[in-house]
Amino acid sequence: MQLLELLHGSDHVIRHPKYNEGKIHNDYGRGFYCTQDFSLAGEWACKTNANGFINRYSIDIEGMKILDLCDGTHTVLEWIAILLKNRTFRLNGNIAEDVRQYIIENFAINISKYDLVRGYRADDSYFQYAEAFVENALSVEGLAKAMALGNLGIQIALTSKKSFQRIEFQEGIPVSKEEYYPGFVRRDDEARRGLKKISQGRSSYRDELFAIDIIREEMKKDDERIQRIVSC
C-alpha cells in the first residue's frame, strides 16, 4: 500500500467524489482536481470570497498509472498541448488555430491511459500565458520562464474509475474567506503582472523561438532546440 494525501477546496463537503462528473473543459479534462498544498486548497475553497471547506482524502496509488508532467522528463509544450486539447481558447485568426492544431497533434499526451495526472494548474490568470503563446505574443523561452518562476501550484487530477474507487474521505476542514481569499487575489494579481513583466523584459526577441517557428520548421517534441529550452 502506498498512501497519498490529497486536498480539495470547495464551498461544501464532498464525501464521495463521483467518477465522470465535473467540467469536461478542465485542464486535464473531466476529473476530480486536488492538491497537496493546504494554502492552495484554502484559496480554491474561498475563491468566491465566501467561507468554504478543505476536503482531505487518502488514496492508495500502488500499481496506478501516473502521468507526472513535473517529473523533469516532459516539456512545457506537452502541458500546453493538453490545455489546448481540453480548455476553451479565444483564438484570434487562422494562425492561432493552426498553432493549436499543430501543438496538439505533435505534443499532446493521451491522458486516457492514466489513473492520475500531476502537473501545473491553469487558473484564468495563468491561462493568459497559454493564449499569448498560441497567438505568438509570448516565446517558448518566455513561456518556460513563466512556468519555472510562476506561483501556479501543482494539482493532481483523478481521471480513471480505479482512482475514484480508491479515494477515501477523511475530513472536511472549515476555512474562512478572511484568511484565504486575499491569497487567491494575490496569486491572481502576481500572474497578471508576471506576464507583463516577461513580455516587456526582453530587449530583443530575434533569437527566441515562437509558435509560428515551430510550425514552419515542423519541430517535434524530441527536437534538440525544444528540449534545450523548455525542459521542466
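See the values below:
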item: Reference-scaled alpha-carbon Rg (2.2 N^0.38 Å with N residues) for the chain; result: 1.05
item: Degrees separating the helix 124-134 axis from the principal Cα axis of the chain, which is the longest one; result: 30 degrees
item: Dipole of region 1-146 [Lys/Arg +1, Asp/Glu -1 at C-beta], most positive-end residue of ALA50, ILE111, ILE95; result: ALA50
item: For SER139, SER176, order by how many other beta-carbon atoms lie within 10 Å, fewest first; result: SER176, SER139
item: For q = 0.12, 0.26, 0.28 Å⁻¹, Debye-computed log10 I/I(0) when each Cα of region 1-56 counts as one equal scatterer; result: -0.29, -1.14, -1.19
item: Relative contact order, percent, the chain [alpha-carbon distance under 8 Å, six or more residues apart]; result: 30 percent
item: Computed [θ] at 222 nm, helices only, for the chain once each DSSP H run of length n ≥ 4 contributes -39500 (n - 2.57); result: -12500 deg cm²/dmol
item: Inter-label distance for ALA50 and LYS197, nm, one decimal - labels placed 7 Å from Cα along Cα-to-Cβ; result: 3.4 nm
item: Exposure proxy ranking, count of Cβ atoms within 10 Å, fewest first, for GLU178, GLU190; result: GLU178, GLU190
item: Neighbour-count ranking [beta-carbon atoms within 10 angstrom, fewest first] of HIS25, HIS74, HIS8; result: HIS25, HIS74, HIS8
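Only the coordinates and a few stated rules stand behind these numbers; no lab work does. In this text, all values refer to a predicted model and were calculated from it rather than measured experimentally. Cβ: placed from backbone, ideal geometry, glycine included. Neighbour counts: every protein chain shown.
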